1. Place a +1 charge on the Cβ of each Lys and Arg in the range 359-469 and a -1 charge on the Cβ of each Asp and Glu, then give the dipole magnitude about the Cα centre in debye, rounded to the nearest 20.
2. Rank-order 63-74, 595-606, 276-287, 643-654 by packing density, defined as the average count of other C-beta atoms within 10 Å over each peptide's residues, highest first.
3. How much length, in nm to one decimal, is gained on full extension between residue 270 and residue 61, taken as 0.36 nm per residue of separation minus their Cα-Cα distance?
4. Lys/Arg Cβ at +1, Asp/Glu Cβ at -1, dipole of the range 123-264 taken about the Cα centre: which of 135, 168, 243 is farthest positive-ward?
5. In sequence order, what are the phi-derived ³J(HN,Hα) couplings for the range 473-478 according to the Karplus relation 6.51 cos²θ - 1.76 cosθ + 1.60 with θ = phi - 60°, rounded to whole Hz, with x for glycine and proline?
6. Setting aside same-chain residues fewer than 8 positions from residue 273, which aspartates and glutamates have a Cα under 13 Å from its Cα?
7. Once the other residues with Cβ under 10 Å from the Cβ of residue 423 are scored (Lys, Arg +1; Asp, Glu -1), what is the net sum?
8. How would you order 130-136, 440-446, 371-377, 426-432 from highest to lowest mean count of nearby Cβ atoms within 10 Å?
Amino acid sequence: MSDLPTIPVGAPKPRGRGTVIALGALAAAAVLAVGVNVLTDRYLSGARVDLTEQRLYTLSDGTRRELANLRDPITLRLFYSRRLGAAVPVFGAYADRVREMLREYVALSGGKIRLEMLDPEPFSETEDRALGLGLQAAPLNNEGEQVYFGLTGTNLLDDERTIPFFQPDRERFLEYDLTRLVHELSNPSRPVLGLISSLPLNGDPRAMMMRVPGAGQPFQVMTQLRQFFTVKEVGPDTQSIPSDVQVLMVAHAQDLPAPALYAIDQFVMRGGKLLALTDPHSESQAARPDPTGRPAGPTSSSLDRLFNAWGIEAPSDRVVLDQRGAWRVRAAPTDRVGSVDYLAWFTAQGESLDRSDVATAELNGLAFASAGEVRKRQGSTVELTPLVTASPQSQLVDAARVRQAPEPARILADFRPDGGRHVLLARVRGILRSAFPEGPPALPEGVQRAPGLPAHVQQTSAPANLVVGNDTDILEDRFWVRVQDFFGQQVATPTADNGALVTNLADTLAGGDSLISLRSRGESLRPFTLVDSMRSEADARYRQTERGLTERLQATERRLRELRQGPSGAATGANGGAAAGAGTVITPEQRAEIDAARTEILNTRQQLRGVQRELRQGIEGLETWLRVVNIALVPALLTLFAIGLAVIRARRRAEARG
C-alpha cells in the first residue's frame, strides 16, 4: 500500500497552481502583443491595405515613378485648421484623405519628401506664416474667425509651390494636384513649348503696321500659354526640333516640307510630346486676306504623312455638323427668317467632354468651327482616347459645303444625323514607327544639312503620348473670347473654355508621362443613396398629403369668408355701400356653418402638423437607426462571436470530462 497522499473523489482542485498558470499566460500574451507591435513598427511600418472600393489611397504608377525619380529633397507643409473639420465634417473627412495621401507620398519617396502638419491658430505665428505663403483664408463664422486648408512645398532652391485651399469638389484630382506640385518642385524651370503654325498666333506685324485697332495682336490663347511656358517659334524650314523643347504644338501648319515633317517625326520618336491640330477648313485663315490683299487660298491643313504612319486619320475633306449647341447666325437676305442655326459652328458641352481626363473634366463648353474628325486607321494598334466628341445629333458632310459661301439654312434643311459620336480631339498613346523608315529625306537643292543632327530613330522606345485635334479654330479669339479695350488695357472675357483647354493639354504633356497617365480618381465622400431615396419617398408622400390638406384648408377658409359676408355680400359689390349694412346680419344657420368651418380649419391645421411631425420623426428615426448600426454593429458581431466561441469551448471541455 502506497504512502502517497490521495485526493478524495469530488473534492475541489487546488487553485494555487491554476492561478499561477493563468497569470503567466496573461503576462506572455502582453509580452507577445508588445513584441508584435514593436516588430510591426520596425519592419512593416510602410505596409498598408487599401480596402476602399475605388482604391482611393493607392497611388497610381505615374505618381510612383515621379516619386522614385526625385533627385532633391522636398518639404511639404500642410496647413489645416482643426476647427474647420469640427464645424464642417465634409472638410474633416477630406482632410483625413489628404493627410493619408501625403503620408503615402512620404513613404514612397525614399526619404526625399519631408512632411509637416501645422494647425494655424488665430493670431498665431503659424497663421502669419500661412498668409505669407499665399494660402487662402476662409471665414468660419460671423465673428470673422479664419481657417486654413492648404499645402505649400519648397525645394532646396527655395522655390515654392502652393495649393491655396483644398476644395472638396476637386477631390477627384487630388492625386494629380499633389503629383503636379511635386513635379514642379523637382523640375522648377519653366517648360519650353515649341510652335509651328501658318497662323499669326503670336501676332501679325503686317496688320500692326496697317494700324488697324485690335488687328495683329497675338491670339489670346498664346497670351495664356506664355504665363506658364517659354514659347519658342520653330520655322517651317527647320531640320530638327530644338533639344530644349518639351512640348511641340503644330497648329494648322500648311504644306510643311519633308525636312520639317521629318523633324517632327523624330521629335516624337525620341519621346517628345506633340499637340497636333489640323483643320479641314480654317475659318481663321479664311477671314484674313493673304499678303497681296486677295482672299486666302486653300484653307485646309493636314499631317497625313505622319498620321498615316502612326495609325491615325484626320481627314481634311469632311467636316462635322452638330445640331446640339449650334450657333445662331444671321440668315441670308433671301431667307424669310432673321437668324438660323449654323451646324458647322457649335459648342461641345456636357457628355461631349471626357470627365475622367484632367484637361477636360472641369470645362463647361468648347467652341468648334468647321471641325473634322479624328479616328484610328484600320488595323492600327494605338490607343485613341476621345477627349471631345460631337453629340449623337451630328453628321459628316463634304468640307466644300462650308468653304465657299456656306448656306446655313440649306445645310440645316439637308441635315440628317448619322448617329455617330465623331471624335474631335483625342489623346493617342502607343508604340509608333517612324514615317521615314528610309531615314532623313533629301534636302532642297542648295540647302546644306544642319550640323549635329541626332541619329535617326526608327520607332519610339516607349509608348508615345500625343494629342490630336482636327480643328484649329479653337484657337481663334472670336469663337471663344471677347477682347475689349478698357482705358487702354486689353480685357479678355472668355465665352467658352478653349483657352483653358489648350493650356491644360500643354500642361499635362509638359508634366511628362507621370502626369499624363493620371486620371481623375473617386471621391471619398459617398452619398447615402438608400437613405436619400427613402427620404425622397417620404418627402413625396408628405407633399401629397400636405397638398390635399392644404387644398381642403383653402376651400374651408374660402367658405368661411363667404359665410361672414352673408347672402348680401355679393350684392354689396354690385349695389354699393347702401347694401353693406344688410350683410352684417348673420343667421343662426350661418353661425353654425361658420363654427363648423372653424373647427374644420383647426382640425386640418392639426393634421398638417401631425404629418410634418411624422416626417421629421421618420427621418430622425432612420438616421438614429443608421447611427446605431454604424457604431454598434461591429462590436455586437464581435461579442456574438466571442460568446459562441466560449460556448463551443465549454461544450468541448464537458465532452472531455466525459
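Taken together, the values in this text are just the output of simple stated rules run on the coordinates, not laboratory data. Owing to the predicted nature of the structure, the values given are computational and were not obtained by experimental measurement. Positions of Cβ are backbone-derived with ideal geometry, glycine not excepted, and every protein chain shown enters the neighbour counts.
1. I would put it at about 160 debye.
2. Details: 63-74: 17.3, 595-606: 14.4, 276-287: 24.5, 643-654: 9.8.
Packing proxy ranking, top to bottom: 276-287, 63-74, 595-606, 643-654.
3. Working: separation 209, 0.36 × 209 = 75.24 nm, distance 2.19 nm.
Here the answer is 73.1 nm.
4. 243
5. Going residue by residue, I get 6, 5, 8, 6, 4, 5 Hz, with x marking Gly and Pro.
6. Here the aspartates and glutamates satisfying the reach criterion relative to residue 273 are 244, 265, 507, 513.
7. +2
8. Numbers: 130-136: 16.7, 440-446: 10.7, 371-377: 22.9, 426-432: 20.0.
Going by the mean number of other Cβ atoms within 10 Å, highest first, we get 371-377, 426-432, 130-136, 440-446.
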